């Protein structure tokens, strides 16, 4: 089980600001929190070291990059004695159009999120890449009609 870290009110205020705009300069964050820029830098560095903050990225608008179809695919896996779940997962992770993969309970072993240029491109990925993996015995595809929202978990204040 992951170690739970206790965040104080300053950590929470810093995270509230930076999860809305990760490019906001530390000095501006510091002014809003009434502390020094060094204090914000040290707090962020500590949260990075502790794994509270992971990564740094730009979010791409996939539609503007030509990816018009977003789908979720439930994947049924039937392992052989010679194959492990990790090996199937590795094969799935090598398909670049798959941007998320979750190990889940229920009817499916995996649930993936996939972006493709079109429905035809989705069909090609399903047939030629996903369903061609021998251990995959079935898939069910759910095409997203429109993304409602994506957000970070809220940072609760003290």
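What's the total number of residues in region 47-79 that are within 15 Å of the chain's Cα centre (by Cα), surrounded by 12 or more Cβ atoms within 10 Å (Cβ to Cβ) and within 23 Å of residue 148 (Cα to Cα)?
So the count comes out to 4.
I'd like to verify a number: residues in region 1-40 that are in a helix (DSSP H, G or I), in contact (Cβ under 8 Å) with a residue 12 or more places away in the chain and under 21 Å from residue 152 (Cα atoms), how many?
16
Is one or more of the residues making up region 106-115 under 30 Å from residue 15 (Cα atoms), surrounded by 13 or more Cβ atoms within 10 Å (Cβ to Cβ) and out of contact with any strand residue (DSSP E or B) (no Cβ under 7 Å at 6 or more places or on another chain)?
No, region 106-115 has no match at all.
In region 118-127, is there at least one residue being loosely packed, with under 14 Cβ neighbours inside 10 Å, more than 17 Å from residue 67 (Cβ to Cβ) and under 14 Å from the mean Cα position of the chain (by Cα)?
no
Readers should treat all values here as calculations from the given coordinates under stated rules, not as data from a laboratory. Bear in mind that the values here come from a model prediction, so they are computed numbers and not experimental data. Reconstructed Cβ throughout: ideal geometry from the backbone, glycine too, with neighbour counts over all protein chains shown.
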